[in-house]
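Participant: Attaching a single structure in structure tokens format; questions to follow.
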Amino acid sequence: MIYVVIQFSCIIYLILNLDSNNFDLAEYLLIFFATLIGLSAVVSMKLDNLSILPELKEVHQLRTQGIYTFARHPMYTSVLLFCLALMLSNPNWVAQLIMLILFIDLILKSNLEEELLTKRFKNYPQYQQKTGRFFPFL
């Protein structure tokens, strides 16, 4: 639960401190791709599989199709791209620190999720080896 609290605290800080007057093409492109990736993840994951908590539901199914072919955690990719755009609109040292905290939080949260997925799905390690965590090939 602490991962979710930290995640949403970082997002809220970045939203409240954005400077929309400083948005240029880069920020708009980041938000566009964040939205595209996030929506693709929701469609691929299906609503019955979604959870903001790092836990698996009873009926959880491993998704490796669609956007999940390229990244194991595309929702986190979406959050990172969206928050990067917000941070770039007002790139003070506090916003940069918040972005770093968010990144570390999502790594730790995804580590926990991957432990759970490895325990539940025997083929998860093979999927991990061929798919990037947040970005393809990384």
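Participant: Ordering Ile11, Ile104 from largest to smallest accessible area (1.4 angstrom probe), what's the sequence? Intermediate results must be reported in sequence, preceding the final value.
Facilitator: Values: Ile11 25, Ile104 85 Å².
The residues order as Ile104, Ile11, largest area first.
Participant: Would you work out which of Leu106, Thr35, Thr118 lies farthest towards the positive end of the dipole of the chain, given +1 charges on the beta-carbon of Lys and Arg and -1 on that of Asp and Glu, about the Cα centre?
Facilitator: Thr118
Participant: Right, another one. Roughly how many percent of the accessible protein surface of the chain is carbon and sulfur, given a 1.4 Å probe and a whole-percent answer?
Facilitator: Working: 5580 of 8210 Å².
Answer for the chain is 68 percent, counting heavy atoms of protein chains only.
Participant: By the gyration tensor of its Cα atoms, with a ≥ b ≥ c the square roots of the eigenvalues, what is the shape of the stretch 1-70: rounded for a/c under 1.5, prolate for a/b over b/c, or oblate?
Facilitator: Numbers: a/c = 3.77, a/b = 1.49, b/c = 2.53.
Oblate shape, in that a/c is at least 1.5 and b/c is the bigger or equal ratio.
Participant: Could you work out the pair-distance distribution P(r) of the chain from its alpha-carbon pairs, with 5 angstrom bin width and percents rounded to whole numbers?
Facilitator: 2, 10, 18, 22, 20, 13, 8, 4, 1, 0
Participant: Could I ask something else about it? Just the Cα atoms of the stretch 58-135, one point each, no solvent: what log10 I(q)/I(0) does Debye give at q = 0.12 Å⁻¹?
Facilitator: Debye output, listed in q order: -0.41.
Participant: Keeping all protein chains in place, calculate the accessible area per residue for the chain (probe 1.4 angstrom), answer in Å².
Facilitator: With the other protein chains kept in place, the chain gives 59 Å² per residue.
Participant: Given 4 °C and 1.567 mPa s, how large is the Stokes-Einstein diffusion coefficient of the stretch 64-104 in µm²/s, with Rh as the Kirkwood radius over Cα pairs?
Facilitator: The calculation lands on 117 µm²/s.
The values are calculated or read from the model by the stated rules, or taken from the named source; none is laboratory data. Just so you know, these numbers come straight off a predicted model, no measurement behind them. Note that we place each Cβ from the backbone using ideal geometry, even for glycine, and neighbour counts take in every protein chain shown. We work out accessible area using only protein heavy atoms, side chains counted, and drop any ligands, DNA or RNA first. Shrake-Rupley method; radii C 1.70, N 1.55, O 1.52, S 1.80 Å.
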